[in-house]
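Every number here is computed from the coordinates shown, using simple stated rules; none is lab data. Everything numeric here is computed off the predicted structure, so don't read it as measured data. We place every Cβ from the backbone using ideal geometry, glycine too, and count neighbours over all the protein chains shown.
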Amino acid sequence: MTFAWYAHLRHLNDKAWYIAAILSWGIALFEYLLQVPANRIGYTLFSLPQLKILQEVITLAVFVPFAWLYMGQPLKLDYLWAALCLLGAVYFIFRS
């Protein structure tokens, strides 16, 4: 979803917003076709809150390299703090 949500900021700035939206929806549809079955399988092993926290951890693990390598954003210490907060969330949601 990271690519669908943010890549248009780099490549489609000169296009109308609805062009970016249509292209992003096309990318997102492909990702949803993978995500929905994965959530259904995951829900047999994990609770709904556990699935959500896992999604956030995966999102940050994908977003940081995307922002740095693809979008040319500087690496910030804030990413580390966010990751540590998510590790705390993982601990608390999985501890029982």
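In the chain, a dipole from Cβ-located charges (positive for Lys and Arg, negative for Asp and Glu) runs towards its positive end, and of Ala16, Asn39, Thr2 it is Asn39 whose Cα lies farthest in that direction.
Taking neighbour counts of Cβ atoms within 10 Å as a proxy for exposure, in what order, fewest first, do Ser47, Ser24 appear? Present the calculation step by step, with values, prior to reporting the outcome.
Values: Ser47 13, Ser24 18.
Lowest to highest Cβ neighbour count: Ser47, Ser24.
Tell me whether the chain comes out rounded, prolate or oblate; compute the Cα gyration tensor, take square roots of the eigenvalues as a ≥ b ≥ c, and use a/c under 1.5 as the rounded threshold.
Working: a/c = 3.62, a/b = 1.38, b/c = 2.62.
Note, shape of the chain comes out oblate.
Evaluate E = 1/(1 + (r/R0)^6) for Trp68 and Phe94, where r is the Cβ-Cβ distance and R0 equals 30 Å; express this FRET efficiency to the nearest 0.05.
Values: r = 28 Å, r/R0 = 0.94.
Using R0 = 30 Å, I get an efficiency of 0.60.
Which values, in whole Å and largest first, are the semi-axes of the equivalent ellipsoid of segment 1-45 obtained as the square root of 5 times each eigenvalue of the Cα gyration tensor? List each step's numbers first, then the result.
Working: eigenvalues 160, 16, 6 Å².
Gyration-tensor ellipsoid for segment 1-45: 28, 9, 5 Å.
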